[in-house]
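The values are calculated or read from the model by the stated rules, or taken from the named source; none is laboratory data. Quick caveat: nothing in here was measured; it's all calculated off a predicted structure. So basically every Cβ, Gly included, is an ideal-geometry build from the backbone, and we count neighbours across all protein chains shown. With ligands, DNA and RNA removed, areas are computed over all heavy atoms of the protein, side chains included. Shrake-Rupley method; radii C 1.70, N 1.55, O 1.52, S 1.80 Å.
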Amino acid sequence: MFDPQKLKSVKNFEIYQYWNQQKGDKLMPARADLDPADLSHLLPNILIHEVQAEPLDFRYRLVGSEIVRHISQNPTGTWMSQIPHQKKPSKLWGFLEDAVTNKHPVIANPPYLGQYKEFKFIEDIILPLSADGKNVNMLFIGVDFLKDHSKLH
């Protein structure tokens, strides 16, 4: 079960709080409920995936500049199924699939494989979005790069 108190990143906790506020009484907010201006200081750490239902796949729609800096590429427009280490049955795919299937936030800690050796961990907060209030059509993701596993907020 999702517990926001398990988040280590201050940035991801703030992204979750914003998502939860925009959600209100709904199961999940729509992309239209999110205003980038509200999170301008966090945009470098935000990623948005378009969700294709059949067959399940995820397209990078927005990739923040801090994420691009760490992965040394910009995958905007690319489907995850086209990226060998991200396609099914990767752990990352599984985390995204969990958020889509169960329609709830997911905390993921994929290994850090980037070029900056002082960073050891990644924390993702994967938040479902729905245009119709029932089916997940996008994922709103906070990505933070951490130097250790200690609780930050």
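The condition (being closer than 25 Å to Lys147 by Cβ and among the basic types (Lys, Arg)) is satisfied by just one residue among Lys6, Lys26: Lys6. Within the stretch 85-100, no residue that is within 18 Å of Glu54 (Cα to Cα) and among the hydroxyl-bearing types (Ser, Thr, Tyr) sits with its Cβ atom under 8 Å from a residue that is open to solvent by less than 60 Å² (accessible area, probe 1.4 Å) and outside any helix (DSSP H, G or I) at 6+ positions apart or across chains.
Restricting Val68, Val10 to those that are within 19 Å of Val106 (Cα to Cα) and not acidic (Asp, Glu) reduces the list to Val10. Checking the stated criteria, Pro4 turns out to be in contact (Cβ under 8 Å) with a residue 24 or more places away in the chain and more than 17 Å from Ala131 (Cα to Cα). Applying a threshold of 9 Å to beta carbon distances and a minimum spacing of six or more residues, or different chains, the list of pairs starting in the stretch 109-137 at a residue that is within 17 Å of Ser90 (Cβ to Cβ) and without any contact (Cβ under 8 Å) to a residue 12 or more places away in the chain and ending at one that is in a loop (DSSP other than H, G, I, E, B) and open to solvent by 10 Å² or more (accessible area, probe 1.4 Å) reads Pro111/Lys120; Leu113/His85. Residue count for the stretch 104-115, restricted to those that are within 12 Å of Leu146 (Cβ to Cβ) and modelled with pLDDT of 85 or more: 1.
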